[in-house]
Amino acid sequence: MSERPGERGDIYNIPRADGDHSIAANAIRNVIIRWVMHPSARWLPLLLACAALVIAGTQWPDGPAHQYVLWGTLAGLSLISAAARVLNRKPRDARVVGVLSLVSVLTTVGGWLAFQNVLTHGEVDVTGRVRMEGTQPLDDVAHRTLTLRLDASALAEQRNALRLTLGITDHDPAGPTCLPDTRATLFLLASGAAAQVTDVPPGGTAEFTLGEGAGTVRIGVRLHTARGCRMDVHVTGAVLHDG
């Protein structure tokens, strides 16, 4: 009767995939440790973080400060961790150095992506670029209107919405105020989008949806106030954004 393989306690060398993977993982780990612990490598995260800051400074867009909070937080973390890595000249534990380097690189990349998102979709302040056409003061008798215009140069940063804040003041500040009885009707005249009409009180804000690739934006302003009142209208805020 023939014996089956292994009945006499024979041992066979069977390749194990997990053993090969373990060897490869250890080899990669040793390479990373050698690179992280090398004296010249401690400067690389700091150089990367500084380079990202310099490039961001050359491309800095307009807009409110709150939209840069995420970018600023990540940029600060990248600089702090990179500086800590540089100052740790004689590390005793490679894991600490590795964590500092990894945190610095990841926050630098994350901050760069956050900054690019602001460049592409962030708010753009165009208040100073709004041109006002028409004569003032306005009243509710002559039925005169003003036209607010944004030309192509102000729309260079393409966004799909406009947030407009309108200030209305008494033409004669020494007389009785007419502000409680005053409002303005704003209507979109041209932007490649559908007609839009909205009423705002003094200091109120209106939102307009703009057409795709609008080359110019024109908004009409019609004042409603009490009889005998004359008012001045001015733009206190105009912000392009992605709605």
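Values quoted throughout were computed directly from the atomic coordinates according to the rules given, and no laboratory measurement underlies them. No experiment lies behind these values; they were computed from the predicted model shown. Methodologically, a virtual Cβ is constructed for each residue, glycine included, from the backbone with ideal geometry; neighbour enumeration extends over all protein chains shown.
Miscellaneous remarks
- Under the Debye formula (equal points on every Cα, no solvent term), log10 I(q)/I(0) of segment 87-243 at q = 0.14 Å⁻¹: -0.73
- Neighbour net charge for residue 240 - beta-carbon separation under 12 angstrom, K R +1, D E -1: -3
- The length gained by stretching the chain between residue 197 and residue 59 to full extension, at 0.36 nm per residue less their Cα-Cα distance, is 46.1 nm.
- Summarising the label geometry, the points placed 7 Å from Cα in the beta-carbon direction at residue 47 and residue 216 lie 5.2 nm from one another.
- Extension gain, residue 226 back to residue 185 (0.36 nm per residue minus Cα-Cα distance, nm): 13.3 nm
- Couplings for segment 72-87, taken from phi via the Karplus curve 6.51 cos²θ - 1.76 cosθ + 1.60 with θ = phi - 60°, read x, 5, 5, 5, x, 5, 5, 5, 5, 5, 5, 5, 4, 5, 5, 6 Hz in order; Gly and Pro are left as x.
- Alpha carbon convex hull of segment 178-243, projected area averaged over orientations, nm²: 4.8 nm²
- The residue among 124, 165, 146 whose Cα reaches farthest toward the positive pole of the charge dipole of segment 70-185, with charges on the beta-carbon of Lys, Arg, Asp and Glu, is 124.
- Potential lengthening between residue 67 and residue 116 on full extension [0.36 nm per residue; Cα-Cα distance subtracted]: 16.5 nm
- 3J(HN,Hα) along segment 193-199, derived from phi through the Karplus expression 6.51 cos²θ - 1.76 cosθ + 1.60 where θ = phi - 60°, amounts to 10, 5, 4, 9, 10, 8, 9 Hz, with x in place of Gly and Pro.
- 3J(HN,Hα) couplings calculated from phi for segment 108-120 with the Karplus curve 6.51 cos²θ - 1.76 cosθ + 1.60 (θ = phi - 60°) are, in sequence order, 5, 5, x, x, 5, 5, 5, 5, 5, 5, 5, 4, 8 Hz; Gly and Pro show x.
- Cα gyration tensor category, rounded, prolate or oblate, for segment 66-119 with a/c compared to 1.5: prolate
- Pairwise FRET efficiency - residue 86 versus residue 242, Cβ, R0 = 35 Å, nearest 0.05: 0.35
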